[in-house]
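S.K.: One structure coming up, written as C-alpha coordinates, with questions to follow.
The values are calculated or read from the model by the stated rules, or taken from the named source; none is laboratory data. All of these numbers come straight from a predicted model, not from anything done at the bench. For neighbour counting, all protein chains shown are included, and Cβ atoms are generated from backbone atoms with ideal geometry for every residue, glycine included. For accessibility, only protein heavy atoms count, side chains too; no ligands or nucleic acids. Shrake-Rupley method; radii C 1.70, N 1.55, O 1.52, S 1.80 Å.
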Amino acid sequence: MPAHQIASYTKSARLFALYQSLPRSEADAMSLTELMQNYGDNTDNYTNERKNLENDLIGLNQIFNDIFYSDALVRVPAWGNNISGKTARFYIDPSFSIDVINEQTVFFWEMLDKYTANYLPVSFKQEIADKLTQLRRQDKDKFHQSPLGQWPDHLITLPSIVQAPTLDSDVLESIHQALLQNRQLRISYQNKWDEKPVQRVIYPKGLIFIDNMIYLTGFNSADDHIDDDVLLKEHRNFAVNRITEAVVIDKPIPDWVGRDVFTLNSLQKLCKLEFGKNVEINLVLKVQKYACQHLYERPLSIDQQITIIDDTWNQVSATVANTTRLQDWLVSMSQLAVVVEPVDLKAVILDRLHSALVLYEK
(Lines give C-alpha, C1' and ligand atoms only; values in the text may rest on other atoms or scores of the structure.)
Protein backbone atom coordinates (compact mmCIF):
# COMPACT_ATOMS: atom_id res chain seq x y z
CA MET A 1 0.00 0.00 0.00
CA PRO A 2 1.44 3.44 -0.91
CA ALA A 3 2.51 5.75 1.89
CA HIS A 4 0.36 8.59 0.52
CA GLN A 5 -2.86 8.73 -1.47
CA ILE A 6 -2.09 7.92 -5.10
CA ALA A 7 -4.12 10.89 -6.34
CA SER A 8 -1.54 13.27 -4.82
CA TYR A 9 1.28 11.98 -7.07
CA THR A 10 2.30 13.18 -10.53
CA LYS A 11 0.76 11.19 -13.38
CA SER A 12 3.79 8.95 -14.00
CA ALA A 13 4.10 8.20 -10.27
CA ARG A 14 0.34 7.59 -10.06
CA LEU A 15 0.48 4.98 -12.81
CA PHE A 16 3.32 3.10 -11.13
CA ALA A 17 1.68 3.25 -7.69
CA LEU A 18 -1.62 2.14 -9.20
CA TYR A 19 0.10 -0.83 -10.84
CA GLN A 20 1.55 -1.84 -7.46
CA SER A 21 -1.77 -1.53 -5.63
CA LEU A 22 -3.92 -3.50 -8.08
CA PRO A 23 -4.84 -7.08 -7.03
CA ARG A 24 -3.05 -10.01 -8.72
CA SER A 25 -5.94 -12.42 -9.22
CA GLU A 26 -9.47 -12.39 -10.66
CA ALA A 27 -10.86 -13.55 -7.33
CA ASP A 28 -9.50 -10.36 -5.70
CA ALA A 29 -10.52 -8.00 -8.54
CA MET A 30 -11.56 -4.56 -7.24
CA SER A 31 -14.13 -2.05 -8.36
CA LEU A 32 -13.50 1.67 -8.83
CA THR A 33 -15.10 2.35 -5.45
CA GLU A 34 -12.79 -0.14 -3.73
CA LEU A 35 -9.71 1.19 -5.56
CA MET A 36 -10.58 4.71 -4.44
CA GLN A 37 -9.79 3.74 -0.84
CA ASN A 38 -6.09 3.79 -1.72
CA TYR A 39 -6.29 6.17 -4.65
CA GLY A 40 -7.87 9.27 -3.08
CA ASP A 41 -9.70 10.31 0.08
CA ASN A 42 -10.43 13.98 -0.57
CA THR A 43 -14.21 14.12 -0.10
CA ASP A 44 -14.33 17.64 -1.54
CA ASN A 45 -12.72 16.47 -4.78
CA TYR A 46 -13.97 12.87 -4.88
CA THR A 47 -15.67 13.12 -8.28
CA ASN A 48 -12.58 14.52 -10.03
CA GLU A 49 -10.27 12.00 -8.37
CA ARG A 50 -12.53 9.11 -9.37
CA LYS A 51 -12.48 10.35 -12.97
CA ASN A 52 -8.67 10.56 -12.81
CA LEU A 53 -8.62 6.96 -11.55
CA GLU A 54 -10.67 5.85 -14.55
CA ASN A 55 -8.33 7.69 -16.91
CA ASP A 56 -5.25 6.26 -15.17
CA LEU A 57 -6.59 2.72 -15.55
CA ILE A 58 -7.19 3.33 -19.25
CA GLY A 59 -3.70 4.83 -19.60
CA LEU A 60 -2.09 1.93 -17.76
CA ASN A 61 -3.87 -0.57 -19.97
CA GLN A 62 -2.64 1.33 -23.06
CA ILE A 63 0.96 1.25 -21.80
CA PHE A 64 0.83 -2.51 -21.25
CA ASN A 65 -0.54 -3.02 -24.76
CA ASP A 66 1.86 -0.62 -26.51
CA ILE A 67 5.10 -1.47 -24.67
CA PHE A 68 4.68 -4.99 -23.30
CA TYR A 69 2.23 -6.29 -25.94
CA SER A 70 0.22 -7.64 -23.05
CA ASP A 71 -3.36 -7.50 -21.78
CA ALA A 72 -1.97 -7.58 -18.25
CA LEU A 73 -4.48 -5.11 -16.83
CA VAL A 74 -7.72 -7.10 -16.94
CA ARG A 75 -11.14 -5.51 -16.74
CA VAL A 76 -14.29 -7.52 -16.05
CA PRO A 77 -16.29 -7.06 -18.26
CA ALA A 78 -13.47 -7.01 -20.83
CA TRP A 79 -12.10 -3.76 -22.23
CA GLY A 80 -14.27 -2.49 -25.12
CA ASN A 81 -17.41 -4.18 -23.86
CA ASN A 82 -20.36 -2.09 -22.72
CA ILE A 83 -20.49 -1.95 -18.91
CA SER A 84 -23.74 -0.01 -18.65
CA GLY A 85 -25.54 -1.16 -15.52
CA LYS A 86 -22.58 -3.33 -14.42
CA THR A 87 -19.79 -2.82 -11.90
CA ALA A 88 -16.41 -3.03 -13.61
CA ARG A 89 -13.67 -4.77 -11.66
CA PHE A 90 -9.92 -4.69 -12.29
CA TYR A 91 -6.88 -6.87 -11.59
CA ILE A 92 -3.39 -7.62 -12.92
CA ASP A 93 -2.79 -10.96 -14.67
CA PRO A 94 -0.75 -12.91 -12.07
CA SER A 95 1.64 -14.21 -14.75
CA PHE A 96 2.64 -10.68 -15.77
CA SER A 97 5.90 -9.01 -14.71
CA ILE A 98 7.04 -5.48 -15.36
CA ASP A 99 10.61 -6.71 -16.00
CA VAL A 100 12.40 -4.85 -18.76
CA ILE A 101 12.30 -6.83 -21.99
CA ASN A 102 14.94 -6.27 -24.61
CA GLU A 103 16.93 -8.41 -27.02
CA GLN A 104 19.84 -8.80 -24.59
CA THR A 105 17.53 -10.01 -21.80
CA VAL A 106 15.78 -12.59 -23.94
CA PHE A 107 19.03 -13.74 -25.56
CA PHE A 108 20.58 -14.21 -22.11
CA TRP A 109 17.70 -16.38 -20.90
CA GLU A 110 17.67 -18.39 -24.14
CA MET A 111 21.39 -19.13 -23.81
CA LEU A 112 21.05 -19.96 -20.11
CA ASP A 113 18.15 -22.27 -20.88
CA LYS A 114 20.25 -24.25 -23.35
CA TYR A 115 23.55 -24.10 -21.52
CA THR A 116 22.17 -25.34 -18.21
CA ALA A 117 19.90 -27.99 -19.69
CA ASN A 118 21.93 -30.84 -18.19
CA TYR A 119 24.01 -29.00 -15.62
CA LEU A 120 21.47 -27.64 -13.14
CA PRO A 121 18.77 -29.45 -11.14
CA VAL A 122 15.30 -29.75 -12.65
CA SER A 123 13.86 -27.16 -10.23
CA PHE A 124 16.38 -24.52 -11.35
CA LYS A 125 15.85 -25.43 -14.98
CA GLN A 126 12.09 -25.06 -14.58
CA GLU A 127 12.49 -21.53 -13.21
CA ILE A 128 14.44 -20.57 -16.33
CA ALA A 129 11.83 -22.19 -18.58
CA ASP A 130 9.06 -20.32 -16.73
CA LYS A 131 10.91 -17.04 -17.19
CA LEU A 132 11.20 -17.62 -20.93
CA THR A 133 7.52 -18.50 -21.15
CA GLN A 134 6.69 -15.25 -19.39
CA LEU A 135 8.91 -13.19 -21.70
CA ARG A 136 7.46 -14.80 -24.79
CA ARG A 137 3.91 -14.28 -23.55
CA GLN A 138 4.56 -10.59 -23.03
CA ASP A 139 6.08 -10.10 -26.48
CA LYS A 140 3.59 -12.40 -28.19
CA ASP A 141 3.66 -12.35 -31.98
CA LYS A 142 6.16 -9.51 -32.21
CA PHE A 143 8.77 -11.56 -30.38
CA HIS A 144 8.20 -14.76 -32.34
CA GLN A 145 8.34 -12.93 -35.66
CA SER A 146 11.61 -11.19 -34.79
CA PRO A 147 15.02 -12.70 -35.65
CA LEU A 148 15.67 -13.12 -31.93
CA GLY A 149 12.44 -15.06 -31.47
CA GLN A 150 13.67 -17.60 -34.00
CA TRP A 151 16.82 -18.42 -32.00
CA PRO A 152 15.30 -21.53 -30.36
CA ASP A 153 15.06 -23.09 -33.83
CA HIS A 154 18.85 -22.93 -34.08
CA LEU A 155 19.78 -24.21 -30.61
CA ILE A 156 20.05 -27.74 -29.28
CA THR A 157 21.68 -29.26 -26.22
CA LEU A 158 23.21 -32.73 -26.22
CA PRO A 159 22.80 -34.66 -22.98
CA SER A 160 25.74 -34.67 -20.57
CA ILE A 161 27.26 -37.95 -19.40
CA VAL A 162 26.39 -37.33 -15.74
CA GLN A 163 23.21 -35.47 -14.86
CA ALA A 164 22.87 -32.90 -12.07
CA PRO A 165 21.92 -34.30 -8.64
CA THR A 166 18.55 -33.76 -7.02
CA LEU A 167 18.35 -30.78 -4.67
CA ASP A 168 15.92 -30.17 -1.83
CA SER A 169 14.01 -26.92 -2.48
CA ASP A 170 13.53 -26.32 1.27
CA VAL A 171 17.28 -26.62 1.83
CA LEU A 172 17.96 -24.17 -1.00
CA GLU A 173 15.42 -21.72 0.42
CA SER A 174 17.07 -21.82 3.86
CA ILE A 175 20.53 -21.33 2.33
CA HIS A 176 19.23 -18.39 0.33
CA GLN A 177 17.65 -16.84 3.42
CA ALA A 178 20.77 -17.31 5.57
CA LEU A 179 23.05 -15.75 2.94
CA LEU A 180 20.85 -12.71 2.34
CA GLN A 181 20.12 -12.12 6.03
CA ASN A 182 23.69 -12.81 7.16
CA ARG A 183 22.51 -15.52 9.56
CA GLN A 184 24.01 -18.72 10.90
CA LEU A 185 22.82 -22.02 9.46
CA ARG A 186 22.32 -25.40 11.10
CA ILE A 187 22.64 -28.22 8.59
CA SER A 188 22.35 -31.99 8.63
CA TYR A 189 25.11 -33.21 6.33
CA GLN A 190 25.33 -36.72 4.89
CA ASN A 191 28.97 -37.56 4.19
CA LYS A 192 29.48 -40.21 1.54
CA TRP A 193 31.25 -42.48 3.99
CA ASP A 194 28.85 -42.12 6.97
CA GLU A 195 25.63 -44.01 7.60
CA LYS A 196 23.76 -41.09 9.16
CA PRO A 197 23.86 -37.31 8.61
CA VAL A 198 25.74 -35.17 11.12
CA GLN A 199 24.41 -31.87 12.45
CA ARG A 200 26.67 -28.84 12.46
CA VAL A 201 26.34 -25.06 12.71
CA ILE A 202 28.11 -23.11 10.00
CA TYR A 203 28.65 -19.54 8.87
CA PRO A 204 27.64 -19.61 5.17
CA LYS A 205 29.52 -17.47 2.61
CA GLY A 206 28.09 -18.41 -0.78
CA LEU A 207 27.44 -21.05 -3.43
CA ILE A 208 29.99 -22.59 -5.80
CA PHE A 209 28.97 -24.01 -9.17
CA ILE A 210 31.44 -26.64 -10.42
CA ASP A 211 30.37 -28.53 -13.53
CA ASN A 212 26.96 -29.94 -12.56
CA MET A 213 27.49 -29.80 -8.79
CA ILE A 214 26.58 -27.00 -6.37
CA TYR A 215 28.50 -26.51 -3.14
CA LEU A 216 27.79 -24.34 -0.11
CA THR A 217 31.01 -22.72 1.11
CA GLY A 218 31.42 -21.35 4.61
CA PHE A 219 33.08 -21.78 7.99
CA ASN A 220 32.61 -24.00 11.00
CA SER A 221 31.44 -22.03 14.03
CA ALA A 222 34.55 -20.64 15.72
CA ASP A 223 35.66 -17.74 17.90
CA ASP A 224 37.49 -14.79 16.38
CA HIS A 225 41.27 -15.01 16.16
CA ILE A 226 43.99 -12.52 15.33
CA ASP A 227 45.58 -14.97 12.89
CA ASP A 228 43.55 -15.39 9.70
CA ASP A 229 45.34 -18.65 8.91
CA VAL A 230 43.85 -20.18 12.05
CA LEU A 231 40.35 -19.21 10.90
CA LEU A 232 41.00 -20.45 7.36
CA LYS A 233 41.37 -23.93 8.83
CA GLU A 234 37.67 -23.73 9.72
CA HIS A 235 36.68 -23.22 6.07
CA ARG A 236 34.57 -25.99 4.52
CA ASN A 237 32.71 -26.80 1.29
CA PHE A 238 29.48 -28.83 1.42
CA ALA A 239 27.78 -30.52 -1.54
CA VAL A 240 24.26 -29.07 -1.42
CA ASN A 241 22.67 -32.36 -2.51
CA ARG A 242 24.11 -34.00 0.64
CA ILE A 243 22.51 -31.43 2.96
CA THR A 244 19.38 -33.24 4.14
CA GLU A 245 18.09 -30.36 6.26
CA ALA A 246 18.96 -26.69 6.72
CA VAL A 247 17.54 -24.36 9.38
CA VAL A 248 18.30 -20.66 9.68
CA ILE A 249 19.40 -19.68 13.19
CA ASP A 250 18.38 -16.23 14.36
CA LYS A 251 21.97 -15.26 15.15
CA PRO A 252 24.13 -12.99 12.98
CA ILE A 253 27.32 -14.30 11.44
CA PRO A 254 30.36 -13.00 13.40
CA ASP A 255 32.08 -9.92 11.99
CA TRP A 256 35.33 -11.78 11.29
CA VAL A 257 33.61 -13.81 8.55
CA GLY A 258 33.22 -10.57 6.59
CA ARG A 259 36.94 -9.75 6.47
CA ASP A 260 38.39 -9.10 3.02
CA VAL A 261 40.51 -12.24 3.20
CA PHE A 262 37.34 -14.35 3.45
CA THR A 263 35.47 -13.03 0.41
CA LEU A 264 34.62 -15.57 -2.29
CA ASN A 265 37.18 -14.06 -4.66
CA SER A 266 39.86 -14.20 -1.99
CA LEU A 267 38.99 -17.80 -1.06
CA GLN A 268 39.23 -18.73 -4.73
CA LYS A 269 42.68 -17.15 -5.03
CA LEU A 270 43.69 -19.06 -1.92
CA CYS A 271 42.50 -22.26 -3.70
CA LYS A 272 39.94 -22.96 -0.97
CA LEU A 273 36.91 -23.56 -3.18
CA GLU A 274 37.95 -26.89 -4.69
CA PHE A 275 38.99 -30.27 -3.37
CA GLY A 276 42.58 -31.49 -3.45
CA LYS A 277 45.82 -29.98 -2.22
CA ASN A 278 44.63 -26.62 -3.52
CA VAL A 279 48.09 -25.12 -3.96
CA GLU A 280 49.42 -23.46 -7.08
CA ILE A 281 51.91 -25.48 -9.08
CA ASN A 282 53.95 -24.96 -12.22
CA LEU A 283 52.52 -27.70 -14.39
CA VAL A 284 54.54 -28.98 -17.34
CA LEU A 285 52.96 -31.48 -19.72
CA LYS A 286 54.02 -33.29 -22.85
CA VAL A 287 50.91 -33.43 -25.03
CA GLN A 288 50.35 -35.11 -28.37
CA LYS A 289 50.18 -32.45 -31.05
CA TYR A 290 46.64 -33.12 -32.31
CA ALA A 291 45.31 -33.41 -28.73
CA CYS A 292 46.92 -30.09 -27.85
CA GLN A 293 44.69 -28.12 -30.19
CA HIS A 294 41.91 -27.64 -27.64
CA LEU A 295 44.42 -26.09 -25.21
CA TYR A 296 44.96 -23.28 -27.72
CA GLU A 297 41.22 -22.69 -27.62
CA ARG A 298 40.74 -23.29 -23.87
CA PRO A 299 44.03 -22.64 -22.06
CA LEU A 300 44.76 -24.05 -18.63
CA SER A 301 45.71 -20.58 -17.32
CA ILE A 302 46.39 -17.05 -18.50
CA ASP A 303 50.15 -17.68 -18.44
CA GLN A 304 49.95 -20.94 -20.42
CA GLN A 305 52.73 -21.43 -22.95
CA ILE A 306 52.91 -24.06 -25.68
CA THR A 307 56.14 -24.97 -27.48
CA ILE A 308 56.68 -27.52 -30.24
CA ILE A 309 58.94 -30.45 -29.34
CA ASP A 310 58.71 -32.41 -32.59
CA ASP A 311 56.13 -33.56 -35.14
CA THR A 312 54.32 -35.63 -32.51
CA TRP A 313 54.60 -33.76 -29.20
CA ASN A 314 54.11 -30.27 -27.77
CA GLN A 315 55.14 -29.02 -24.35
CA VAL A 316 52.54 -27.15 -22.30
CA SER A 317 53.42 -25.14 -19.19
CA ALA A 318 50.93 -23.32 -16.97
CA THR A 319 50.44 -22.13 -13.40
CA VAL A 320 47.40 -23.99 -12.05
CA ALA A 321 45.81 -25.12 -8.79
CA ASN A 322 46.57 -28.73 -7.92
CA THR A 323 42.96 -29.80 -7.44
CA THR A 324 41.15 -33.09 -7.72
CA ARG A 325 39.53 -31.78 -10.91
CA LEU A 326 42.98 -31.22 -12.44
CA GLN A 327 44.02 -34.75 -11.56
CA ASP A 328 40.78 -36.15 -12.99
CA TRP A 329 41.40 -34.28 -16.24
CA LEU A 330 45.00 -35.53 -16.47
CA VAL A 331 43.85 -39.11 -15.96
CA SER A 332 41.20 -38.65 -18.65
CA MET A 333 43.93 -37.60 -21.11
CA SER A 334 45.54 -41.06 -20.60
CA GLN A 335 47.92 -41.74 -23.51
CA LEU A 336 47.49 -38.23 -24.95
CA ALA A 337 49.45 -36.38 -22.26
CA VAL A 338 52.28 -37.03 -19.81
CA VAL A 339 53.02 -35.02 -16.66
CA VAL A 340 56.65 -33.87 -16.68
CA GLU A 341 56.54 -31.61 -13.61
CA PRO A 342 55.94 -31.55 -10.71
CA VAL A 343 57.30 -35.00 -9.98
CA ASP A 344 54.92 -35.74 -7.09
CA LEU A 345 51.89 -35.01 -9.30
CA LYS A 346 53.35 -37.27 -11.98
CA ALA A 347 53.56 -40.06 -9.38
CA VAL A 348 49.90 -39.55 -8.39
CA ILE A 349 48.69 -39.74 -12.00
CA LEU A 350 50.88 -42.75 -12.73
CA ASP A 351 49.52 -44.55 -9.68
CA ARG A 352 45.92 -43.86 -10.72
CA LEU A 353 46.55 -45.07 -14.25
CA HIS A 354 48.21 -48.25 -12.95
CA SER A 355 45.21 -48.86 -10.69
CA ALA A 356 42.85 -48.51 -13.63
CA LEU A 357 44.99 -50.84 -15.77
CA VAL A 358 44.89 -53.51 -13.08
CA LEU A 359 41.10 -53.39 -13.07
CA TYR A 360 40.92 -53.81 -16.83
CA GLU A 361 43.39 -56.72 -16.80
CA LYS A 362 41.23 -58.81 -14.46
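S.K.: Can you pull out the residues in segment 175-192 that are under 19 Å from the mean Cα position of the chain (by Cα) and either open to solvent by less than 20 Å² (accessible area, probe 1.4 Å) or among the aromatic types (F, W, Y) (or both)?
M.R.: I175, A178
S.K.: Still on this structure, I have one more. Somewhere in segment 288-301, is a residue assigned to a strand (DSSP E or B), in contact with a strand residue (DSSP E or B) (Cβ under 8 Å, 6 or more places away or on another chain) and not aromatic (F, W, Y)?
M.R.: Yes - at least one qualifying residue is present in segment 288-301.
S.K.: Name the residues in segment 29-47 that are touching an Asp or Glu at 6+ places or on another chain (Cβ under 7 Å) and either in contact (Cβ under 8 Å) with a residue 40 or more places away in the chain or more than 23 Å from L73 (Cβ to Cβ) (or both), would you?
M.R.: Hits for segment 29-47 are L32, N42.
S.K.: Would you check if T307 is part of a strand (DSSP E or B), farther than 30 Å from Q163 by Cβ and open to solvent by 20 Å² or more (accessible area, probe 1.4 Å)?
M.R.: yes
S.K.: Please work out if S332 is of a type outside the set (A, V, I, L, M, F, W, C) and farther than 30 Å from F219 by Cα.
M.R.: yes
S.K.: If you don't mind, another one. Just the residues that are within 16 Å of Q293 (Cβ to Cβ), open to solvent by 30 Å² or more (accessible area, probe 1.4 Å) and either among the hydrophobic types (A, V, I, L, M, F, W, C) or touching a residue at least 40 places away in the same chain (Cβ under 8 Å) (or both), please, taken from segment 310-328.
M.R.: Result: W313, single match.
S.K.: So which residues in segment 2-31 are hydrophobic (A, V, I, L, M, F, W, C) and in contact with a helix residue (DSSP H, G or I) (Cβ under 6 Å, 6 or more places away or on another chain), if there are any at all?
M.R.: Of everything in segment 2-31, those that are hydrophobic (A, V, I, L, M, F, W, C) and in contact with a helix residue (DSSP H, G or I) (Cβ under 6 Å, 6 or more places away or on another chain) turn out to be I6, A7, L15, A17, L18.
S.K.: Among the listed residues V198, V230, V171, V247, which satisfies the condition of being in contact with a Ser or Thr (Cβ under 8 Å, 6 or more places away or on another chain) and loosely packed, with under 14 Cβ neighbours inside 10 Å?
M.R.: The match here is V198.
S.K.: Scan segment 246-281 for residues that are basic (K, R) and without any contact (Cβ under 8 Å) to a residue 24 or more places away in the chain and report the count. Give the steps one after another, and end with the answer.
M.R.: First, pick out the residues of segment 246-281 that are basic (K, R): 251, 259, 269, 272, 277.
Filter again for without any contact (Cβ under 8 Å) to a residue 24 or more places away in the chain, leaving 269.
Summing the residues that are basic (K, R) and without any contact (Cβ under 8 Å) to a residue 24 or more places away in the chain in segment 246-281 gives 1.
S.K.: Could you tell me whether S266 is of a type in the set (S, T, Y), within 30 Å of A222 (Cβ to Cβ) and surrounded by fewer than 16 Cβ atoms within 10 Å (Cβ to Cβ)? Walk me through it before giving the result.
M.R.: Details: of a type in the set (S, T, Y): yes; within 30 Å of A222 (Cβ to Cβ): yes; surrounded by fewer than 16 Cβ atoms within 10 Å (Cβ to Cβ): yes.
For S266, the condition - of a type in the set (S, T, Y), within 30 Å of A222 (Cβ to Cβ) and surrounded by fewer than 16 Cβ atoms within 10 Å (Cβ to Cβ) - is met.
S.K.: Say we look at segment 334-362 and pick out the residues that are more than 16 Å from N282 (Cα to Cα) and among the basic types (K, R); which of these is surrounded by the fewest Cβ atoms within 10 Å (Cβ to Cβ)?
M.R.: Going through the qualifying residues, I end up with K362.
S.K.: Please work out if L15 is crowded, with 18+ Cβ neighbours inside 10 Å and closer than 21 Å to W79 by Cβ.
M.R.: No; evaluated as a whole, the condition is false for this residue.
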